[in-house]
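The values are calculated or read from the model by the stated rules, or taken from the named source; none is laboratory data. A quick note: this is a predicted structure, and the numbers were derived from the prediction, not measured. With ideal geometry, Cβ positions are generated from the backbone for all residues, glycine too; neighbour counts draw on all protein chains shown.
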Amino acid sequence: MEEIKENPIYPDMKAEIEAMLEVDQESIKADKWNLEAAKKRTERLKEIIEKIGLPTISKVGEEGHVAAFFIVQHSDFDVEFQKRYLEMMKSAPSEEVNKRYTAFLEDRTRVNTGRLQVYGTQFYKNEKGVWGPRPMIDPKNIETRRKEVGLEPFLLYKQLWDKPPDEKH
């Protein structure tokens, strides 16, 4: 697997996807997230997918794969695209995608379509300004589901949401 990560099939696409994510992340950190710019990144990612298919680990490396995921995750304005991307991730060979991020996108698409989340990855700020998890299926068994996809224990993850924004990730 190390060789795949270091020698992606599409190094130029890897670099472009990672650069798009860097712009996305910087705009979020600066509290200057721009919907039109995000839409352009999403459209460009769709073009890349048309050319190479799902940006898997062997195609764009681990970092490129994760960067593509974050661009999709931040595309709440295009839930249909999020759902299609999730299905592509689910149908890809397990060594080609990071299950952790499949779980995040599963929860995101469920929340975006009014359904309960499965893994407890999606949070919101309540009227008192406190972050809390969005409603989820069968909370008693959340730890089992999280462990199956390589997520940290829920309480540990929840603690991240109690930190200031610049310390979360």
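Confirm whether F81 is out of contact with any strand residue (DSSP E or B) (no Cβ under 6 Å at 6 or more places or on another chain), free of Cβ contacts under 8 Å to residues at least 40 places away in the same chain, surrounded by 21 or more Cβ atoms within 10 Å (Cβ to Cβ) and over 22 Å from D138 (Cα atoms). So F81 fails the test.
Given the criteria in the same structural domain as D12 (by TED's automatic domain parsing) and within 13 Å of the chain's Cα centre (by Cα), does L86 qualify? Walk me through how you get there before you give the answer.
Details: in the same structural domain as D12 (by TED's automatic domain parsing): yes; within 13 Å of the chain's Cα centre (by Cα): yes.
Here the answer is yes, as L86 does meet what is asked.
Residue-wise test of (1) within 16 Å of the chain's Cα centre (by Cα); (2) within 29 Å of K59 (Cβ to Cβ); (3) at pLDDT 95 or above.
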| residue | (1), (2), (3) |
| --- | --- |
| K99 | yes, yes, no |
| A103 | yes, yes, yes |
| W131 | no, no, no |
| R146 | yes, yes, yes |
| W161 | no, no, no |
| E167 | no, no, no |
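Of all the criteria given as (1) more than 24 Å from E148 (Cα to Cα); (2) assigned to a helix (DSSP H, G or I), the one not satisfied by D31 is (2).
Scanning segment 93-118 for residues that are β-branched (V, I, T) and free of Cβ contacts under 8 Å to residues at least 40 places away in the same chain yields T109, V111, T113, V118. Residues in segment 113-129 that are more than 18 Å from T102 (Cα to Cα) and surrounded by 11 or more Cβ atoms within 10 Å (Cβ to Cβ): Y124 only.
Return the only residue of P8, P55 being crowded, with 16+ Cβ neighbours inside 10 Å, farther than 23 Å from R108 by Cα and either touching a Gly at 6+ places or on another chain (Cβ under 7 Å) or at pLDDT below 95 (or both). From the options P8, P55, the qualifying one is P8.
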